[in-house]
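**Student:** This is the structure I have questions about; it appears just below.
Each value in this text was obtained by applying a stated rule to the coordinates, not by laboratory testing. Treat the numbers as computed from the prediction; the structure is a model and nothing was measured. Glycine also receives a Cβ, built like all others from the backbone with ideal geometry; neighbour counts cover every protein chain displayed.
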Amino acid sequence: MSIIDDIKNTFRLQHNGLNRLLLVNVIVFIAANLCKGILGLSGYSFMPVEVNMALASDFSFFVEHFWTLFTYMFPHLDFFHIFFNMLWLYSIGTVFSEFLGSKRLVGVYVLGGLAGGLLFIAIGSLLPGTHAGGILLGASAGVMAIVIAAAVYSPNLVMNVFLLGPVRLKYIALVCFILTSLIDIDSVNTGGKISHIGGAAFGLLFAWQYRKGNDLSRGITGIFDSVLHLFSRRPKSSIKVAYKRAVPDDVYNEMKVNEQKRVNEILDKISRSGYDSLSKEEKDFLFHASRKM
């Protein structure tokens, strides 16, 4: 199987949102830097390409380049920028996907990125002295939304941190937010830190609403499902098969209620004693339940 086939399969497979986000960010990083290098060797500037990907804090410029509110959250031009963003995305995204489902991961990433971008533009318009003329690139706002959402949803989950050992997720997220969003907020990366705050705010709102039964990512995940549906490979068949449940509706609904009750009990156990306290059967049950979300 070729590399192209592997990439296609990554996008076709369901419950693969984390790998899709990682792959898109890496592909865009490689493509952007190759383009920058080729243009530089040819004596041309990369700036025309960059302004059509990056989000500008100037509102009038943004109106003319409105698509950059979406495109800015994928390109990275610096290796360490993408390295640390993808490291956070992979480590916390794995936890998020297990508890909340892979589809919601993509939705929170995009909506967190939009929230961070909108706050960046709003502050740039209301307080132009903070980062006048600045531009925004990278996945930081979307990743921050995932980190905060996971920490609010499962604050007492214990993760092993390099050199530190076991640390609760709420403390990891808090330190991450303070270091990347609040420390030296008046620095040259003020715009980036403002976008982190916007992403964190959405992550907090998402987890809070999800605990109340409201999924703020439902709309965006529905759009992505429709787009992926167009590219899904399906066997050709002229035979239509009617689907019928093997159990009556009332029995099925009771099964769903019991399943959700079991999930809640497992999450409560994680909050009290940490993820490592779960049995293999409980971990497997939680994993399979998250794939149905």
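**Student:** According to a simple spin-label model (label point 7 Å from Cα along Cα-to-Cβ), what is the distance in nm between Arg218 and Val24?
**Tutor:** For Val24 paired with Arg218, the spin-label model returns 2.2 nm.
**Student:** Just tell me which aspartates and glutamates come within less than 15 Å, Cα to Cα, of Lys256; anything on the same chain fewer than 8 places away is out.
**Tutor:** Glu265
**Student:** Round to the nearest 0.05 the FRET efficiency obtained for Ser226 and Phe66 when R0 = 25 Å and r is the Cβ-Cβ distance.
**Tutor:** The computed FRET efficiency comes out at 0.70.
**Student:** What does the extension gain come out to for Phe79 and Asp276, with contour length at 0.36 nm per residue minus their alpha carbon separation?
**Tutor:** 67.6 nm
**Student:** Another question, if that's okay. For every other residue with a beta carbon closer than 15 angstrom to the beta carbon of Leu216, add +1 if it is Lys or Arg and -1 if Asp or Glu, then tell me the sum. Can you show the working numbers first?
**Tutor:** Details: positive: Lys103, Arg104, Arg211, Lys212, Arg218; negative: Asp215.
After counting each charged neighbour, the total is +4.
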